[in-house]
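A short write-up of the structure that comes next.
Any read-out appearing in this document is the output of simple, stated calculations on the displayed coordinates, not a laboratory observation. This structure is a prediction, so every number in the text was calculated from the model and none was measured. Here Cβ is always computed from backbone atoms with ideal geometry, including for glycine, and neighbour counts include all displayed protein chains.
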Amino acid sequence: MMKKDLKKRSFLAKARFGVVVAQFNSFITEQLLKACLDEFSRLGVCDCEVQVVFVPGAFELPLAALKLGQKKNIQAVICLGAVIRGQTLHYELVAGQAARGIMDVSLRSGKPVIFEVLAADTIKLCEARSKPGDRDNKGACAARAAFDLVETLKGI
């Protein structure tokens, strides 16, 4: 491992991350969370440096993300959820407002807030993006994005 990589690892090992998880569609969000925590571990982030908060659904993600983002010891927040299209407009309302709210939290807090709310037409599409043990699991991707963005913003 190069010296720069060791320095990056050392800094980020001290970083603290918040993860907000929607409980609705928990059969998907639990897989996202597991992959996220596994990826943090692989990146050298201790479990004690990750605060996990559960909320009822995707619509509630922004408020909890804002509360975490306002904490001085949290450098980045990840939002995990799954919204699956049904026969009503509820899908569009929830997915769109969750996305807008999460973006607002990032801008208000000045911290990375990673949006990983799966919005899909079918359960099968969500399952494909949350496969256990898959490094392309969107929970793992969210952890890598948060990890990298903390380092990027540190250099700006």
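What to note about this one:
- Linear extension gain, residue 73 paired with residue 131, 0.36 nm per residue minus alpha-carbon span: 17.8 nm
- Candidates 118, 33, 89: whichever shows maximal mean-square fluctuation once the chain is modelled as a Gaussian network with Cα springs under 10 Å: 89
- Peptides 75-86, 130-141 ordered by packing proxy, namely the average of other Cβ atoms within 10 Å per residue, highest first: 75-86, 130-141.
- Once the chain from residue 23 to residue 123 is taken as fully extended at 0.36 nm per residue, the excess over their C-alpha distance is 34.5 nm.
- Pair residue 107, residue 154: separation of 7 Å Cα→Cβ label points (nm): 2.8
- Normalised contact order of the chain, rounded percent, pairs of Cα under 8 Å and 6 or more residues apart: 29
- Alpha carbon centroid spacing (whole Å) that separates the stretch 35-64 from the stretch 84-156: 12
- Nearest 10 degrees, 0 to 90: helix 26-42 Cα axis against the chain principal axis: 10
- A P(r) calculated from all alpha carbon pairs of the chain, with 5 Å bins opening at zero, reads 2, 10, 20, 22, 20, 13, 7, 4, 1, 0, 0 percent.
- The angle between the Cα long axis of helix 3-13 and the main principal axis of the chain comes to about 60°, on a 0 to 90 degree scale.
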